[in-house]
Amino acid sequence: MLPAEPIFDDVIVSATALNRHPGEILDQALKKFVTIMRNDQAFVLLRRDRAAQLVSEVHHATVVLDLLHAVLRYVLEGRLDPMGDQEWVTVFGRDELTELVAETLAAFHRARSGEASWDDFAAVLHEWRESALVVRSESLKDAFGAVGEEVPLTVPPPQSEGELTS
């Protein structure tokens, strides 16, 4: 059974009131949530863009919580499931993980408050994942480990007038 007091700062109406005064109730829904009660059931009436915003915030909060859970498990247990979605965090040390968590939480807060977009938030996560891929890259390890030979630059031979340049 649902509590009698509103969970949101909303207007509570009966299904009968909605049927009798739909225009008035829809006008109220433009300003704040409207809870429609029918027997022991409650339905929320809100603008579609606000519903989309709430769903998006929940999705991104889930991403943050999954990442924080993975980081915490890795710090405490020293390992993660190698097939898990967040396994990429295992390439970082504690200082980098602290920075990852701080940047992710800050980006989430900025996006949620409207200071930045959710694309900006996704970009922060993308950069960290890409950094993990780079750290794991064998080609990169080989490139940094290779001893380079100096190759002197030479002056290109002069071109004759009949040669085409590309």
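Read-outs: derived from the displayed coordinates by stated rules, not from any lab. Everything numeric in this text was worked out from a predicted model, so none of it was measured. Cβ atoms come from the backbone with ideal geometry, glycine included; neighbour counts cover every protein chain shown.
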Name the residue from Val155, Ser113, Leu72 whose Cα lies farthest towards the positive end of the charge dipole of the chain, charges +1 on Cβ of Lys and Arg and -1 on Cβ of Asp and Glu. Ser113
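Assuming 0.36 nm per residue, please report the length gained on full extension of the stretch Trp118 to Ser131 beyond their Cα-Cα distance.
Between Trp118 and Ser131, full extension yields an extra 2.7 nm.
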Shape verdict for the stretch 25-65, please, from the Cα gyration tensor: rounded (a/c under 1.5), prolate (a/b greater than b/c) or oblate. oblate
Determine the calculated [θ] at 222 nm for the chain from helices alone, applying -39500 (n - 2.57) to every DSSP H run no shorter than 4 residues and normalising by the residue count; nearest 500 deg cm²/dmol. -18500 deg cm²/dmol
Quick check on the stretch 50-135: take the gyration tensor over C-alpha atoms, sort the square-rooted eigenvalues as a ≥ b ≥ c, and tell me if it's rounded (a/c under 1.5), prolate or oblate. prolate
Subtract the Cα-Cα distance of Glu103 and Glu87 from 0.36 nm times their separation in residues, and report this length gain in nm to one decimal. 3.9 nm
Label selected from (i) 2.21; (ii) 1.84; (iii) 1.02, the criterion being Cα Rg over 2.2 N^0.38 Å as computed here: (ii)
May I ask you to evaluate 6.51 cos²θ - 1.76 cosθ + 1.60, the Karplus curve with θ = phi - 60°, for each residue of the stretch 20-31 and list the ³J(HN,Hα) values in order in whole Hz, giving x for glycine and proline? 7, 9, x, x, 4, 5, 5, 4, 5, 5, 5, 9
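Among the DSSP beta bridges whose two residues both lie in the chain, what percent are antiparallel, rounded to the nearest 5?
Close to 55 percent.
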Rounded to the nearest 10 degrees, what's the angle between the helix 118-136 long axis and the longest principal axis of the chain, both from Cα atoms, 0 to 90? 40
Calculate the dipole size of the chain relative to its Cα centre from +1 charges on Lys and Arg beta carbons and -1 charges on Asp and Glu beta carbons; express the result in debye to the nearest 20. 1140
